[in-house]
Amino acid sequence: MKNSRRDFLRNLAASGVLVPLAAQNLQAYPITTDRKLRIVLCGLGNYATNQLAPGLAQSKNCELVGIVTGSPEKAAKWKEKYNLADKNIYNYQNFDTIANNPDVDVVYVVLPNSMHAEYVMRTAKAGKHVITEKPMSMDAKQAREMIAYCKSQKVKLGVGYRLHYEPFTNEVMRLAKDKDFGKPKFIETKFAWRNRDLKAWRMNNKWSGGGALMDVGIYCINASRYATGEEPISVTAQAIKTEPEVYRDIEETILWQLKFPSGAIASGMSSYATNAHELSIHYEKGSLSMSPAYDYGPLKGTTSKGPMDFPIVHHQAYQMDGFADAILNNKPILTPGEEGLKDMIILDAIKKAANTGKEVKIVMS
Ligand code: NAD
């Protein structure tokens with residue numbers, strides 16, 4: 001009975017029908033708050049429109065109260081759809097006046113990668129907590145500056161690593177800790193999508209800071225870290241362009257190999273030339289295989305013990321309730337700027353290894 005209900009909910013999710021959290025009788029964060037966390041979305045592109053805004057609507061403890069947009073047409077549409085007050089609608093020129101708005105707790109930066117640092121700092125300067133999308137910055141140096149500035153302004157800085165808040169990924173993390181199958185020995189991670197949108201900011205190095213590696217390879221790096229529970233010590237990498245006329249300004253396909261202190265090896269691949277969504281972990285005494293491992297869901301996987309049977313949740317709703325718990329109850333954020341910085345350090349090292357053809361040491365400080 002329990003399983004058939006779960007299968008039914010899974011099928012609904014797979015068919016794109018949104019499953020309200022209440023219907024699943026699930027509560028990721030049994031938190032008590034006096035009020036909801038009041039959020040302003042900054043940048044109303046695909047991710048904000050199709051994932052974050054619906055996620056906020058499904059969350060238990062968050063509320064979309066405002067927007068930042070350069071488009072008066074979008075402002076009018078969002079105002080009507082989400083019943084937003086005029087005083088909570090900003091453009092990129094008057095954004096800094098948000099400092100005088102007592103009805104906003106957090107700004108969520110969902111802009112092209114090159115704009116994350118500027119808007120995180122402007123939000124912090126306004127005295128508001130801030131969440132930024134991944135990758136948090138263009139490089140590790142910028143990530144360190146963002147963390148230091150948010151600290152100096154006494155605001156919390158979070159990164160939108162939605163998978164850290166969902167059950168399949170939590171099980172991968174648990175296996176690293178509890179070692180049901182012994183230590184992880186070899187990890188294989190692949191995340192790729194066929195991106196042919198030549199005009200988009202993702203195709204422009206100045207805006208994206210790279211290519212598929214910054215966009216989706218970052219999930220593989222993060223997965224290698226949570227699959228082992230360790231930080232890597234060195235990397236080798238190879239960059240390949242099979243279609244240089246399409247991917248002129250950015251990387252297309254990158255392969256890399258991370259070494260961990262325990263001896264575990266993680267082999268990764270990211271690309272804009274094909275599609276891939278896999279995570280496999282070979283432990284001393286068993287294995288785990290997930291595909292898809294990084295998409296919005298439903299995620300799927302098996303281990304040596306059989307199919308992974310975990311609740312299918314709305315990633316962004318769970319993530320936002322996690323942020324609400326941390327910010328309203330003044331707890332540490334589960335995915336803080338420091339988590340984003342570790343990935344930026346590794347991304348920098350992978351780029352250097354691919355450019356030089358040499359093994360690059362990784363130091364997490
Ligand atoms: P998008 O291109 O759909 O949206 C970007 C938005 O920024 C647009 O509304 C655009 O108008 C706005 N913008 C403002 N100033 C701009 C400028 N000068 N140039 C270009 N755009 C400008 O992109 P997206 O897919 O929504 O990605 C936004 C961010 O979210 C990226 O950092 C991306 O990595 C991240 N993202 C995260 C996930 C996830 O699962 N966590 C998924 C998708 C995207």
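Exposed loop sites here mean GluC sites (Glu not before Pro) with a DSSP loop assignment and at most 16 other beta-carbon atoms within 10 Å; the chain contains its longest site-free run at 1-244.
Starting from the Cα of K300, draw a straight line to each of the lysines and keep only those under 24 Å, dropping any in the same chain fewer than 8 residues away. Partners within reach: K2, K134, K177, K179, K183, K185, K190, K285. Rounded to the nearest angstrom and listed largest first, the equivalent-ellipsoid semi-axes of region 208-319 from its Cα gyration tensor are 26, 19, 13. Take every pair of alpha-carbon atoms less than 8 Å apart whose residues are at least six positions apart; their mean separation over the length of the chain yields a relative contact order of 20 percent. Using θ = phi - 60° in the Karplus curve 6.51 cos²θ - 1.76 cosθ + 1.60, the 3J(HN,Hα) couplings for region 131-147 round to 10, 10, 6, 7, x, 5, 7, 8, 7, 5, 4, 5, 4, 4, 4, 5, 5 Hz; x is entered for Gly and Pro.
With all pairs of separate Cα atoms included, region 50-193 yields a Kirkwood hydrodynamic radius of 17.4 Å. Taking a sphere under 13 Å around the Cβ of V246 and counting the other residues whose Cβ falls inside, with K and R at +1 and D and E at -1, yields a net charge of 0. With a ≥ b ≥ c taken as the square roots of the eigenvalues of the C-alpha gyration tensor of the chain, please select rounded if a/c is under 1.5 and otherwise prolate if a/b is larger than b/c or oblate if it is not? Judged from the Cα gyration tensor, the chain comes out oblate (a/c at least 1.5, b/c at or above a/b).
Expressed as a whole percent, the accessible area of the chain that falls on carbon and sulfur atoms is 53 (1.4 Å probe).
For each pair in K151/K331; K79/K154; K151/K259, compute the distance between the two Cα atoms and list the pairs where it is over 20 Å.
Values: K151/K331 15 Å; K79/K154 31 Å; K151/K259 32 Å.
Flagged as over cut-off: K79/K154; K151/K259.
Defining a contact as two alpha carbons under 8 Å apart and six or more residues distant in sequence, what relative contact order in percent does region 48-121 show? Show your work: numbers first, answer last.
Numbers: 46 pairs, mean separation 17.7, N = 74.
The normalised contact order for region 48-121 reaches 24 percent.
Tally Lys and Arg at +1 and Asp and Glu at -1 over the other residues with C-beta under 12 Å from the C-beta of A143: what net charge comes out? Once all neighbours under 12 Å are counted, the net charge is -2.
If you average the sequence gap of Cα pairs under 8 Å that are 6 or more apart and divide by the length of region 189-277, what percent do you get for the contact order? Mind showing how you got there, number by number?
Details: 175 pairs, mean separation 37.8, N = 89.
Once normalised by length, the contact order is 42 percent.
Charge tally around G127: other residues with Cβ under 12 Å, Lys/Arg +1 each, Asp/Glu -1 each, net +3.
Residue by residue, region 273-283 carries 3J(HN,Hα) couplings of 9, 8, 10, 7, 8, 10, 9, 10, 10, 10, 8 Hz when phi is fed to the Karplus relation 6.51 cos²θ - 1.76 cosθ + 1.60 (θ = phi - 60°); x denotes Gly or Pro.
In terms of the Cα gyration tensor, with a ≥ b ≥ c the square roots of its eigenvalues, is region 66-136 rounded because a/c is under 1.5, prolate because a/b exceeds b/c, or oblate? Present the calculation step by step, with values, prior to reporting the outcome.
Working: a/c = 1.87, a/b = 1.32, b/c = 1.42.
Oblate shape, in that a/c is at least 1.5 and b/c is the bigger or equal ratio.
3J(HN,Hα) along region 86-103: 3, 5, 9, 10, 10, 10, 6, 7, 9, 3, 5, 6, 4, 4, 8, 9, x, 9 Hz, from the Karplus curve 6.51 cos²θ - 1.76 cosθ + 1.60 with θ = phi - 60°, whole Hz, x for Gly and Pro.
The values are calculated or read from the model by the stated rules, or taken from the named source; none is laboratory data. For clarity, every value in this text was computed on a predicted model and none was experimentally measured. Here Cβ is always computed from backbone atoms with ideal geometry, including for glycine, and neighbour counts include all displayed protein chains. Side chains included, ligands, DNA and RNA excluded: accessible areas come from the protein's heavy atoms. Shrake-Rupley method; radii C 1.70, N 1.55, O 1.52, S 1.80 Å.
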